[in-house]
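Trainee: Here you go, one structure.
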Amino acid sequence: MLSSADPAHLIVFGRYPRVGMTKTRLIPALGPAGAAALQQRLAEKTVATARQAAMRIGARLVFCHDGGNAQQLCRWLGGRPIRYLAQAAGDLGRRMHLAMQRAFDVGARRVVLVGTDIPGLTAEMLAEAFSALHEKDLVFGPSIDGGYWLVGMAKPANIFAGIVWSQPDVLEKSLAVARKKGMTSHLLAPLNDLDTPDDLAREWGSDHVPPPYLSVIIPAIDEAQQMPRTLAAAASPDAEIIVSDGGSTDRTVQIASALGARIVAGRPGRAGQQNRGAAAARGEVLLFLHADTRLPRNYVDHVFETLLDRRTRLGAFRFATDLQMPAMRWIAFFTNLRAGWLNLPYGDQGLFLRQRDFAAIGGFADVPIAEDLFLVRRMARQGRIAMAPAAAVTSGRRWRRLGPMRTTMINTILAVGILAGVAPGRLATLYRLPDQKAKP
């Protein structure tokens, strides 16, 4: 409940980011997740700026949200001093009016409401808005497109009724309504908001090519048989696919290239191959995928939602294989139990993290085996390891060749050995027997 002891209220009016449902007019230019990621970044910047201004002014900071719940919003934007209130139903004008009216109802004397898509917003502008309300009834922050990115009031009034939104005369009509009500207004400096591809061109330049949200990096050696299924499952308008080849002698490179993957080539070794792929990646998120693992449907949505938690440093999918036998179902159950309980997913679950976090730790350790465990352990020291609810399906070829129990025993010995500090080189021979070239 809001307290009546807060004479100034700063309302950030925003949405909980959802892939395909946020910044929809920008999806053709950025992709569904790219548009949602832009909205996420803009909202985070706005909240940080609003927090700074609220502390300076002594204002109550409220995030008035469309979508999401208080728990999700706290994971994304943090807790105090932000208070979260859901937007009312109706058009934009009704939602803004009720949000501001609610603040006045609990004792606010100056209320400023600001949107979340204004890259040029500063704390000084917000302070100017509150200062203007000492002398004026209203304050507007004009948008270059004819709307406004901020509105503030010194007393409650409905100036939004009858306004047709997303039109070039929104500010003009709102000022006309205010004059009819005998209200005085102050205008801040005009700013550009980011709603359309034309807005992006003004902000970034017409020749700027937006990067993909996600880079899927697949290390491969002689994986021609697996490539079509793996690449088909990974295809997404939000992802670039990079196959890091370690010297294939079959048609791996030709098949991957024909299916739209970008190829980087170099020496064999999964750690080095993945680091080379990451060096060539343009996405803000990296997903490291084994060549025999198929991603779940809508996997980008799961990646986005998992990493929206500000505490999470690395995510993975649940584990499954394509072997339909009772032993494998038990193995999958205990693998997922171990991954969640010990925060220790393996590379065949598809590991994903922000590119900046990957760069900060220097990438994969240069080890001959278990590079995934070294990465997970290092990221666990930085923050949270999270499991997405969907499963990535790994080929059961190794379990089929060695048998479920023997394969599980080898994997367990490797993990225990690595965690106990045994040198990876001493364990590599165990993993590579029998010959890994014998692929079905």
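Trainee: By how many degrees, between 0 and 90 and to the nearest 10, does the Cα long axis of helix 326-341 differ from the longest principal axis of the chain?
Mentor: So the inclination is approximately 50 degrees.
Trainee: When the convex hull of the Cα atoms of the range 117-249 is projected onto a plane and the area is averaged over all directions, what value comes out in nm²?
Mentor: 12.7
Trainee: Beyond 18 Å, what share of the Cα-Cα pairs of the range 81-152 is found? Please give it as a whole percent.
Mentor: 44
Trainee: Another one. So for the range 8-204: antiparallel DSSP bridges make up what percent, rounded to the nearest 5?
Mentor: Around 30 percent antiparallel, to the nearest 5.
Trainee: Related question: If you look for lysine pairs in the chain that are eight or more places apart or on different chains, how many of them have Cα atoms under 16 Å apart?
Mentor: Within the chain, the lysine pair count is 6.
Trainee: Still on this structure: Please compute, over every Cα-Cα pair in the range 214-431, the percentage with a separation greater than 27 angstrom.
Mentor: The proportion of pairs with Cα distances above 27 Å equals 26 percent.
Trainee: Ratio of alpha-carbon Rg to the 2.2 N^0.38 Å globular estimate for the range 8-204, to two decimals, please.
Mentor: In units of the globular-protein estimate, the range 8-204 measures up at 0.97.
Trainee: I need the fraction of alpha carbon pairs in the chain separated by more than 39 Å, rounded to a whole percent.
Mentor: Roughly 34 percent, rounded to a whole number.
Trainee: Under the rule of -39500 (n - 2.57) per DSSP H run of 4 or more residues, summed and divided by the residues of the chain, what mean residue ellipticity at 222 nm is obtained, to the nearest 500 deg cm²/dmol?
Mentor: Values: 17 runs with 178 residues, N = 440.
Per the formula, -12000 deg cm²/dmol.
Trainee: Tell me, in nm to one decimal, what length is gained between T122 and M55 on full extension, where the rule is 0.36 nm per residue of separation less the Cα-Cα distance?
Mentor: Net length gain for the segment: 22.8 nm.
Read-outs throughout are calculated quantities, based only on the coordinates presented, and are distinct from any laboratory measurement. Keep in mind the model is a prediction, meaning the values are calculated, not measured.
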